[in-house]
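Notes to accompany the following structure.
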Amino acid sequence: MNADTPDDLISALGDPKSRGQSPTFWLFLRRIVPLASFAAGLGSFVLLDRGEAFARWLPLLSVSGWLLIAAEPKIQARLSRFVPESRVRGAVSLTLQSIHQESLFFAVPFIYASTTWNSSQAVFSGLVIVLAICSTLDPVYFRHIAGNRIALLAFHGFCFFCVALIALPIVFLLDSSWSLVLAASCAGMATIALAMRDRDLKRPTAWLSMLLIAAEIGGVAWIGRRAIPPAPLSIVDAAITDEVERTSKRPTIRLAAIGHERLHRNGLLAWTSIRAPLGLRDPV
């Protein structure tokens, strides 16, 4: 992968020899995308929490950027006929970075709210937050991610996995288990498609390889599902009790300790309140 710095790419976009266009748009885009994406994710989270039905379709805005990546080879080939190659390459690199930022920052509010921080889920959620920050740090992104083919492919797949993990249950009302496997499989296919975009994807063997690898990635995600937060579900409250009020379905008392006799007489209950927006259903 090309390891041009962002300044080189922006300079190419605003090169006076290249029709004298200014790079101001790209500077603005790179600054506003992370903030706008985080705001969109937070706004979607709040609207879903309030039960606003139209909020179900907001995650599709984040997914839509990935359609540009799918069409990128054809778009790049056509633009190269009319625009200098340096400008096309710069636009593609910066657009890819923007889509990565958009996906991660959109997913952060949902994943943060769904995480049980005293469990292995904290590792996954911490990784999402760290990578979201790395996507905004140009020296880190362009030197260690975009400049390394393997790192870029892994980063690319992880970004798609995060946004699909949020979008699938909200848009299609899938439970977290199905969403996890499908998100991982789709992320695998997106990664392979990026790796093979310079090759012939019309061959049946290429598509068969993509499907097989996607299935394997889905299986790996299923095995490690306990370490991945079940976004957009989240735990609102939890308590240890020995009695639940039937009408409100809330614990009548929260126990910090319990005696031996009371334990044998009443038993013990682990009570949990789970937020499931827009009528989502999930086995617990």
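When segment 125-168 is filtered for residues that are part of a loop (DSSP other than H, G, I, E, B) and either among the aromatic types (Phe, Trp, Tyr) or under 23 Å from MET189 (Cβ atoms) (or both), the ones remaining, listed by number, are SER135, ALA146, ASN148. Would you call TRP271 modelled with pLDDT of 80 or more and not in a helix (DSSP H, G or I)? Against the criterion (modelled with pLDDT of 80 or more and not in a helix (DSSP H, G or I)), TRP271 qualifies. Which count do you get for residues in segment 117-158 that are surrounded by 15 or more Cβ atoms within 10 Å (Cβ to Cβ), β-branched (Val, Ile, Thr) and touching a residue at least 24 places away in the same chain (Cβ under 8 Å)? Number satisfying all stated conditions: 2. Looking only at residues in segment 220-267 that are without any contact (Cβ under 8 Å) to a residue 24 or more places away in the chain and closer than 30 Å to ILE192 by Cβ, the one that is surrounded by the fewest Cβ atoms within 10 Å (Cβ to Cβ) is ILE223.
The values are calculated or read from the model by the stated rules, or taken from the named source; none is laboratory data. Small disclaimer: the values here were computed from a predicted structure and weren't measured. Positions of Cβ are generated from backbone atoms using ideal geometry, with glycine treated the same way; all protein chains shown enter the neighbour counts.
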